[in-house]
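Below is one structure, written out as structure tokens, with a few remarks after it.
The values are calculated or read from the model by the stated rules, or taken from the named source; none is laboratory data. Keep in mind that this is a model prediction, so the values were computed, not measured. Please note: Cβ atoms are built from the backbone with ideal geometry, for glycine as well, and neighbour counts cover all protein chains shown. Ligands, DNA and RNA are stripped out before the accessible areas are found, and what is left, the full protein with its side chains, is counted by its heavy atoms. Shrake-Rupley method; radii C 1.70, N 1.55, O 1.52, S 1.80 Å.
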Amino acid sequence: MADPSSYRPKPGQIPDSPGVYKFRDEHRRVIYVGKAKNLRQRVANYFQDLTNLHPRTRTMVTTAASVEWTVVSTEVEALQLEYSWIKEFDPRFNVKYRDDKSYPYLAVTLNEEFPRVQVMRGAKKKGVRYFGPYGHAWAIRETVDLMLRVFPVRTCSAGVFKNAARTGRPCLLGYIGKCSAPCVGRVTPEEHRELAEDFCDFMAGRTGTYIRRLEKDMTQAAEEMEYERAARLRDDAEALKRAMEKSAVVLADATDADLIAVAEDELEAALQIFHVRGGRVRGQRGWVTDKVEAVDTSGLVEHALQQLYGEERGDAVPKEVLVPALPEDAEAVSQWLAERRGSQVSLRIPQRGDKKDLMVTVQRNAQQALGLHKTKRASDLTTRSRALEEIAEALGLDTAPLRIECYDISHLQGDDVVASMVVFEDGLARKSEYRRFQIKGFEGQDDVRSMHEVIGRRFKRYLQDKERTGEWEETPETTPAASPAPVPAATGPVPAPALTAASPDDEPEPREDDGRPKRFAYPPQLVVVDGGQPQVAAAKRALDELGIDDIAVCGLAKRLEEVWLPDDDDPVVLPRSSEGLYLLQRVRDEAHRFAITYQRAKRAKRIRSSPLDDVTGLGETRKQALIKHFGSVKKLRQATIDEICEVPGIGRRTAESVAAALASTAPAAPAVNTATGEIIEEDDGGSS
């Protein structure tokens, strides 16, 4: 590990001009390339105290052995040079988007004497017109098959073309009218090229001209009683319309735009691009990348624009590029895109209308792509095994933690405080073992105290299960701390826990099919808590108070993804590419999801509560009948018992119970307009 101070440039040595800088390692390999408006300010940021740097940046500067820079005239030149160097050196610490598959394009080889329409993958070639990318090659072939009726362009390979020219006989497509057969001289090279250019114009979105021309020719042929020709032209027009229908209209103003969306977490990012031409989605592609450098959404967008348009020219760069966040140097990036297109390019964030709605769809695709990528990664047995081994090695465990439990606390400004427990066995979620808890030992917001209570309740129940089933054996050496003991009063009482994931806390103890009490699952090898040192210390203290010393505890702090161990002042920093860190992150995120789902459900139930809920024997149907009859709980509270009895299905005894329940519930204080002092009258429709 290198000391950055050993290669730090001298003060004043770095110019304050725009430029591009490179970090090299001890073997002179370029490991990072960056650009800056002001080289002196940007490069100096890398040589501050290491504790102030992002962990990924800290890893980069300690891996590097030297830094060098190149001064340029403008920010646009810096952007171009940065892209060139990233492409040339492939630095390990730069974000690099890689396609998760090779997307097919519809290509027209205008660089040949007789242009050919075909499916192409891989690097783009000069002189070839590309359309797409498409999700599947069969979608391209279906579109081409429909369009060959109107634009009978050559689709055969060079060998088939030469063989047909040698024998003087065209292929089958030439006989059925789906190829103009330039191989045998049915059309001249100029006529065939004109067909290919018309094909490209149609694919580029200029569709109305050709359809209107076909319909006009069809009408004229019908008037001249050339009915066979009119029928053929009708079928041609229908074929073009069907080809157009394969890409739905998403923007009504025939927009040419690319929409880019990003879904990310601490370790990875997924990018989705929709290519819209003529108001229709002509192609889609997606990338997934590791976040090997400290980069935010705007930085990810800038890297994506560089790699997406770095090799493109002309119409391949659209008039509009819609993004979720503007790059830091948005003006310079826009100018760079305009130079590549040859005309103005609008780089912006959609704010309203159809474009914003479509961006939501693109964003949803990006989130699904990231989720699918994580699912594929998690489902691999070898990867899961390596992840568990890495966790065991990093935490100093004797064996791999085959069962991991993770706990998270959730609340809304101190109200409806709940906790979740999720279980992963062999690296996979075991949802039947999930549990949720209500915090009952105290009121208010205290995540540390809440974590202590939840861990104590969970493992107190575990010890009770062992004792009941005979697995817990009292020995002379057993101390009071080794038996299920209450938590000291300083941390609040530990009431009987809610142990079922779908039932309230006061539900009877769950039972097996044969009537025996259901065991509270199995003990984990590792307990993970969402948080840092305080939460870890609270969890460890709860286990110590119960005499449990064979379960490892760690915490995962979300900000920097650091792993904290009890009694350690410094965190364990797992490598960014570690499968163990990835698994811990998945466990923590699942616990957070489960906790916040429960917390929101409790809050919604509390908001929807009504005084009528406490009336014995009053079901939902009769409650709704009362509200419908009187209009609100407020008016129902003002009604007499006789008036309540007028509601169908409500007897006098029930009416008395309703009146008593409403009388015991004081109405809420009236709302006041603080500007005027006026009392705002409200009709509470179902709540009070």
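Here are the numbers for this structure:
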{"item": "Magnitude of the charge dipole, the stretch 1-102, Cβ model with Lys/Arg +1 and Asp/Glu -1, debye to 20", "result": "120 debye"}
{"item": "Accessible area, probe 1.4 Å, largest first, for residues His592, His27", "result": "His27, His592"}
{"item": "With all protein chains modelled, accessible area of Asp642 [1.4 Å, Å²]", "result": "90 Å²"}
{"item": "Extension reserve of the Lys558-Gln351 stretch, reckoned as 0.36 nm per residue once the Cα distance is removed", "result": "71.5 nm"}
{"item": "Chain lengthening between His27 and Ser6 when straightened (0.36 nm per residue, less Cα-Cα)", "result": "6.0 nm"}
{"item": "Anisotropy class of the stretch 1-133 from Cα gyration tensor, a/c 1.5 cut", "result": "prolate"}
{"item": "Net charge dipole size for the stretch 318-430 [Lys, Arg +1 and Asp, Glu -1 on Cβ; Debye, nearest 20]", "result": "780 debye"}
{"item": "Global geometry of the stretch 404-461, whether rounded, prolate or oblate, following the gyration tensor of its Cα atoms and the 1.5 cut on a/c", "result": "prolate"}
{"item": "Cβ-based charge dipole, the stretch 336-456, positive-most Cα from Gln367, Pro401, Gln344", "result": "Gln344"}
{"item": "Using a Förster distance of 25 Å, the FRET efficiency for Leu172-Asp235 (Cβ separation, nearest 0.05)", "result": "0.85"}
{"item": "Extreme residue, positive dipole direction of the stretch 1-62, given options Thr59, Tyr46, Val33 (C-beta unit charges)", "result": "Val33"}
{"item": "Residue-wise HN-Hα coupling along the stretch 533-541, computed from phi with Karplus coefficients 6.51, -1.76, 1.60 (Hz; x: Gly, Pro)", "result": "4, x, 5, 5, 5, 5, 5, 5, 5"}
{"item": "Efficiency of FRET between Ile596 and Glu389 - r from beta-carbon atoms, R0 30 angstrom, step 0.05", "result": "0.45"}
{"item": "The stretch 338-470, accessible surface, carbon-and-sulfur percent (1.4 angstrom probe)", "result": "44 percent"}
{"item": "Carbon + sulfur, % of accessible area of the stretch 518-588 - ligands and nucleic acids excluded, 1.4 Å", "result": "46 percent"}
{"item": "Cleavage-rule hits, chymotrypsin sites (Phe, Trp or Tyr not before Pro), the stretch 282-364, DSSP coil, Cβ neighbours within 10 Å at most 11", "result": "none"}
{"item": "Extension gain from Thr188 to Asp550, taking 0.36 nm per residue of separation minus the Cα-Cα distance", "result": "121.8 nm"}
{"item": "Solvent accessible area, Å² - Thr616, 1.4 Å probe, full protein context", "result": "130 Å²"}
{"item": "Ordering of 302-308, 326-332 by burial proxy (mean other Cβ atoms within 10 Å per residue, highest first)", "result": "302-308, 326-332"}
{"item": "When each of Lys37/Lys126; Lys10/Lys35; Lys124/Lys355; Lys460/Lys558; Lys460/Lys602 is checked by Cα-Cα distance, pairs over 31 Å", "result": "Lys37/Lys126"}
{"item": "Sites matching GluC sites (Glu not before Pro) across the stretch 14-105 that sit in DSSP coil, with at most 15 neighbouring C-beta atoms within 10 Å", "result": "Glu26"}
